[in-house]
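Dropping a structure here in structure tokens format, bear with me for questions.
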Number of protein chains: 2
Amino acid sequence: MLRVMVVGLGPIGVGCARAVRADAGLKLVGLVDADPGKVGRGILDLTGPPDAAETGGEGLAVVSDIDQVTADADVAVVATTSWLDRVAPQLRKLLGRGVAVVSSCEQMLWPWYAHPVLAKDVDAEAKRAGRALLGTGVNPGYVMDALAVSLSSIVRRVKLVRCVRRGEASVRRRPLQAKIGATLSADEFGALARAGKIGHMGIAESVALLAAGLGCQVPPGSVTVTLEPVLAEQPMQSALGLIEPGQVTGIHNTAQWQNERLRVELDLTMAVGTPDPIDVVELEGPVHVRLKIPGGLPGDSATVAAMINHLRVVHEARPGLLTMLDVPIAGCRGQDPAP
Amino acid sequence: MLRVMVVGLGPIGVGCARAVRADAGLKLVGLVDADPGKVGRGILDLTGPPDAAETGGEGLAVVSDIDQVTADADVAVVATTSWLDRVAPQLRKLLGRGVAVVSSCEQMLWPWYAHPVLAKDVDAEAKRAGRALLGTGVNPGYVMDALAVSLSSIVRRVKLVRCVRRGEASVRRRPLQAKIGATLSADEFGALARAGKIGHMGIAESVALLAAGLGCQVPPGSVTVTLEPVLAEQPMQSALGLIEPGQVTGIHNTAQWQNERLRVELDLTMAVGTPDPIDVVELEGPVHVRLKIPGGLPGDSATVAAMINHLRVVHEARPGLLTMLDVPIAGCRGQDPAP
């Protein structure tokens with residue numbers, strides 16, 4: 001039975017807490033969130049009415065800091081921030097308690113891209129602590145990076161990798177709809193995008209992980225990223241209210257990188273009202289391989305699942321700041337009751 | 001630079017030898033085949049005219065046994081047989097020389113299914129020798145097993161996994177066309193199938209690996225396998241000659257297994273003249289995910305690539321008789337020159 005602490009109780013963290021409660025092989029032992037509006041609340045107060053399968057942790061109350069969790073934990077789910085430098089103090093506290101970490105922090109997917117020096121330090125600290133730290137998720141973490149590397153294992157040469165993800169954001173959580181700028185004007189979008197306050201995080205990290213899996217090192221800053229708004233052509237509803245024609249429905253986010261032997265192109269659309277959602281992974285070389293997931297992989301449930309499925313993996317992994325290229329396939333080995 | 005020995009010089013082994021020669025990170029140091037018609041022959045005599053990228057090993061001649069390879073090797077590619085009990089003496093000789101192994105032996109994909117006692121012994125021997133042994137390939141090894149486990153990492157519950165592979169055998173190697181019974185009568189097919197002399201090897205191993213990746217143990221003998229011929233409706237050419245209407249074009253091979261919480265269904269057609277070749281992986285549960293590879297993954301080149309891409313992986317892996325569930329994603333990290 002793995003003892004699990006959940007740090008960060010936004011929708012993803014709460015989803016993880018529920019998934020931990022639903023799995024007979026996992027035990028929820030701590031809930032952490034810095035938000036004063038959440039501190040002191042119990043699990044059922046956060047999650048609402050539980051599924052029949054969800055048990056355990058009823059006596060827990062949210063504490064404001066990792067230090068205040070009294071129970072021992074084996075692994076922590078960390079869903080607090082997208083930035084490695086902001087999550088690093090949390091990682092250090094967890095390492096200090098001997099706790100391994102699975103995180104949805106997008107920069108942790110390939111921590112050497114945005115923060116190579118800090119990543120090296122954290123890696124050394126994890127090795128000293130004898131614990132593994134892993135960034136994962138569905139995007140970044142799988143559908144525009146690790147899946148392409150997996151597919152490349154069955155070809156001998158790749159000169160171009162192209163991943164396209166067209167996601168329908170109307171089924172996604174409210175913070176995601178805010179993050180992609182739904183309901184903004186194009187001008188508001190531009191200002192917030194320039195300030196780095198909206199958009200999808202982690203596309204450059206996806207490129208760096210993908211290229212590394214194909215044997216190429218992506219230097220910090222070398223990925224070309226574009227971010228444009230998708231504008232509504234007709235009125236549509238979102239979790240944030242009505243989107244009028246001309247207002248923003250979401251993002252079109254691309255990334256390109258190449259060296260003398262490999263080119264990587266990622267093309268992500270995440271918007272309310274996206275027609276024909278799909279994921280495509282394409283490898284070009286002497287052999288051409290094209291993989292499609294019509295409808296696209298689900299976002300929020302998949303991110304939660306990726307984190308929960310990797311708890312066992314990170315618990316058994318060698319110590320260090322690891323990536324999806326370092327660990328075996330997780331698989332869905334949960335001990336949820338039969339549906 | 002990894003030093004590589006190739007054991008078994010049928011089309012897959014020869015393809016591997018060529019791929020080793022084309023990769024600047026790999027060095028071909030030994031060629032082994034028991035066939036007296038191959039012993040003593042040089043690499044170019046086996047492969048025919050090389051690509052520009054293929055260099056190294058020109059001085060090597062095929063020897064009849066692993067013991068006769070004089071050079072030290074780090075890793076061996078073993079493409080000799082489909083049966084674990086037949087490959088085991090070769091694995092033991094290689095372990096005795098301190099050589100790790102990647103093999104296309106289909107039973108090695110999940111060696112505990114057909115030979116649980118032998119697998120346990122070989123695993124212990126590999127651990128004592130400090131080397132890893134791994135069975136891999138495209139099928140079994142990826143498209144009807146490991147890929148489905150990978151995809152399952154982003155869901156929390158799976159009650160049904162269905163993999164469909166419809167392959168066009170006319171583009172495959174001659175021994176594969178023979179193995180699927182092309183040009184036989186239905187009666188000849190039936191007799192050879194009952195004798196276990198034709199058909200696809202490894203479908204039960206795919207089921208066992210897939211289920212293990214989803215947390216379920218498949219007991220030896222518990223997979224239900226069917227094998228039927230696909231019959232020609234019109235005359236068609238094959239590598240083995242003309243196929244008349246009513247004669248066999250290939251196989252339809254299925255496997256099913258279930259327990260109280262998971263059902264696995266694999267459905268493989270491999271025949272000359274298959275319309276609409278495709279690979280499909282489908283997960284059913286609270287979330288439904290369907291992945292398609294239109295055209296299907298290539299067979300022979302993908303098997304060679306899977307083996308070559310795993311040389312580095314198996315060299316770095318922990319000792320033991322490992323499976324695709326134990327190792328990180330290989331990725332196509334070869335040092336082939338840019339195409």
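Values in this text are rule-based calculations from the coordinates and carry no lab data. Quick caveat: nothing in here was measured; it's all calculated off a predicted structure. Cβ atoms come from the backbone with ideal geometry, glycine included; neighbour counts cover every protein chain shown.
Taking amide hydrogens as modeled 1.01 Å from N in the peptide plane, which residues meet the under 5 Å criterion relative to B:GLY285, leaving out close sequence neighbours?
Here B:LYS159 satisfy the definition.
Let me have the 222 nm mean residue ellipticity of chain A computed from DSSP H runs of 4+ only, each contributing -39500 (n - 2.57), with the sum over all residues rounded to the nearest 500. Mind showing how you got there, number by number?
Numbers: 10 runs with 98 residues, N = 339.
Value at 222 nm, helices only: -8500 deg cm²/dmol.
Still on this structure: I need the inter-copy label distances for A:ALA178: point set 7 Å along Cα to C-beta, values in nm with one decimal, smallest first.
Ordered by increasing distance: 6.8 nm.
Placing +1 on the Cβ of each Lys and Arg and -1 on the Cβ of each Asp and Glu in segment A:146-297, which of A:VAL155, A:ASN253, A:ALA169 has its Cα farthest towards the positive end of the resulting dipole?
Farthest towards the positive pole: A:VAL155.
For segment B:239-295, what is the Kirkwood hydrodynamic radius in Å, using each pair of distinct C-alpha atoms?
Working: mean 1/r = 0.0707 Å⁻¹.
Answer for segment B:239-295: a Kirkwood hydrodynamic radius of 14.1 Å.
Using a label position 7 Å from Cα in the Cα→Cβ direction, what is the ascending list of nm distances from B:GLU233 to the same site in the other copies?
Distances between equivalent label points, in nm: 4.0.
Ranked by Cβ crowding within 10 angstrom, fewest neighbours first, how are A:VAL158, B:VAL280 ordered?
Ordered by Cβ neighbours within 10 Å, fewest first: B:VAL280, A:VAL158.
Taking H as built 1.01 Å from N, whose amide H comes closer than 5 Å to the amide H of A:LEU297, not counting residues under 5 places away?
When sequence neighbours closer than 5 places are left aside, the close amide H contacts are A:ASP279.
Can you give the % of DSSP beta bridges in the protein assembly as shown that are antiparallel, to the nearest 5? Before the final figure, lay out each step's value.
On the way: 70 of 130 bridges.
Bridges in the protein assembly as shown that DSSP calls antiparallel: roughly 55 percent.
Could you tell me the ratio Rg/Rh of segment A:136-197? Both radii from Cα atoms, Rh via Kirkwood.
1.12
Which whole number gives the average, over all residues in B:306-313, of C-beta atoms from other chains lying within 10 Å of the residue C-beta?
Mean partner-chain Cβ count within 10 Å for B:306-313: 2.
Provide Rg and Dmax in Å for segment B:205-339, with only Cα atoms included in the calculation.
18.6, 52
Right, here's the next one. When you look at the Cβ of every residue in B:321-331, what mean number of other chain Cβ atoms sits within 10 Å?
On the way: counts 0, 1, 1, 3, 5, 2, 3, 11, 15, 7, 15.
For this peptide, the per-residue mean of nearby foreign Cβ atoms is 6.
Taking H placed 1.01 Å from N in the peptide plane, check which residues at least 5 places from B:ARG263 or on another chain put their amide H under 5 Å from its amide H.
Distant-sequence amide H within range of B:ARG263: B:LEU160, B:VAL161.
So, with +1 on the Cβ of K and R and -1 on the Cβ of D and E, and no other charges, what is the size of the charge dipole of the protein assembly as shown about its Cα centre, to the nearest 20 debye?
Magnitude of the dipole: close to 1000 debye.
Longer than 20 Å from Cα to Cα, which of A:LYS179/A:LYS292; B:LYS93/B:LYS127; A:LYS93/A:LYS127; A:LYS120/A:LYS159 are they? Say none if no pair is. Mind dumping the intermediate values first?
Values: A:LYS179/A:LYS292 26 Å; B:LYS93/B:LYS127 14 Å; A:LYS93/A:LYS127 14 Å; A:LYS120/A:LYS159 30 Å.
Check vs 20 Å cut-off fails for A:LYS179/A:LYS292; A:LYS120/A:LYS159.
Please order B:MET108, B:MET1 by the number of other Cβ within 10 Å, starting at the fewest.
B:MET1, B:MET108
Please state the charge dipole magnitude for segment B:146-297, taken about the Cα centre, from unit charges on C-beta atoms (+1 on K and R, -1 on D and E), reported in debye and rounded to the nearest 20.
On the way: 16 positive and 14 negative charges, 112 e Å.
Here the size comes out at about 540 debye.
Any idea what the alpha-carbon Rg over 2.2 N^0.38 Å comes to for segment B:80-170?
Here the Cα radius of gyration is 1.27 times the empirical estimate.
Next question, about the same structure. Which whole number gives the average, over all residues in A:257-270, of C-beta atoms from other chains lying within 10 Å of the residue C-beta?
Average per residue, whole number: 1.
Continuing with the same structure: Please report the antiparallel percentage of DSSP beta bridges with both residues in chain B, rounded to the nearest 5.
Restricted to chain B, the bridges split so that about 55 percent are antiparallel.
Taking neighbour counts of Cβ atoms within 10 Å as a proxy for exposure, in what order, fewest first, do B:ARG156, A:ARG162 appear?
The most exposed by this proxy come first: A:ARG162, B:ARG156.
Moving on to the next point. Suppose you put the label 7 Å out from Cα in the Cβ direction; list, shortest first and in nm with one decimal, how far B:GLU316 is from each other copy's label.
Nearest first, the other copies' label points are 1.9 nm away.
Between segment A:76-101 and segment A:114-170, how many Å separate their Cα centres?
18 Å
At q = 0.05, 0.07, 0.08, 0.10 Å⁻¹, what base-10 log of I(q)/I(0) does the Debye formula yield for the protein assembly as shown when every alpha carbon is treated as an equal point scatterer in vacuo?
Results for the protein assembly as shown at q = 0.05, 0.07, 0.08, 0.10 Å⁻¹ read -0.24, -0.48, -0.62, -0.96.
Where the Cα atoms of chain A are projected onto their three principal axes, how long is each span, largest first, in whole Å?
51, 48, 41
Moving on. Name the residue farthest towards the positive end of the dipole of chain B from the options B:VAL280, B:ALA61, B:ALA232, assuming +1 on Cβ of Lys and Arg, -1 on Cβ of Asp and Glu, about the Cα centre.
B:VAL280
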